[in-house]
Amino acid sequence: MRSITALAAAGLLFVSGIASAGARDELDTFTKGLKGLDGRFTQQVFDAKGRLKEKSTGRIALSAPRLFRWEYATPYPQLVVADGKTVWIYEPDLKQVTKRPQGAEERNSPLAVLIDPSRLDAQFVVKDAGAANGLQWLMLTPKGDAASAGFRSARLGFANGGLARMQVVDQLGQRTEIAFSGWKRNPSLPAATFRYTPPKGVDVIGG
């Protein structure tokens, strides 16, 4: 699987502990009454030496409790859908679909926990990372086995009551940075948004 899908396949993002009033208030404002999200993203992936490996853009949608959809538009189309039981990863140019049970990394995802904030304190240690570039930052560290969370640490950047940035460092030191825009809170999304059926003629890997 290409690394461009790694973050989406893991699902990623969330919080706990004691943070500054500014950062925590931004988080609380964003998650209050939140059951679903729909927006756009620009994602950059850097290797452990800080060199840019990949840049992509697309759309993200989430719905409580465990549904998500990452749809990459550039540089080439890819689709990741989690329907609550199975994660589907479709790479059209390879005519390949990978499927696997939806496991711990999705349950521990920072983004997934945004729509289920009751899990934050149980799953993450959160520290105030201060203000930078006009954002209030929270540092998230998985509790227990970091490997099962799919990442070593994550930072969430908030502004004006909204999530603007996410930075995630994986076990190998690779860093993924995501800028979010155009968030729609609790949108009315068709049920088909979080369902997937492999098209005819593609190879399906896994079970």
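The values are calculated or read from the model by the stated rules, or taken from the named source; none is laboratory data. None of these values were measured; they are calculated from a predicted model. Here the Cβ is made from the backbone with ideal geometry for all residues, glycine too, and neighbour counts use every protein chain on show.
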>> Quick check on my filter: what residues within segment 48-95 are part of a strand (DSSP E or B), charged (D, E, K, R) and free of Cβ contacts under 8 Å to residues at least 40 places away in the same chain?
In response: K55, R59, E71
> Any idea which residue in segment 25-49 is modelled with the highest pLDDT, counting only those that are under 19 Å from the mean Cα position of the chain (by Cα) and among the basic types (K, R)?
Replying inline: R40
> Does segment 88-115 hold any residues that are modelled with pLDDT of 95 or more, surrounded by 18 or more Cβ atoms within 10 Å (Cβ to Cβ) and either closer than 19 Å to T176 by Cα or not polar (S, T, N, Q) (or both), and which are they?
Replying inline: W88, I89, Y90, E91, V97
> Looking at L79, is it within 13 Å of the chain's Cα centre (by Cα), of a type in the set (A, V, I, L, M) and farther than 21 Å from L172 by Cβ?
Replying inline: no
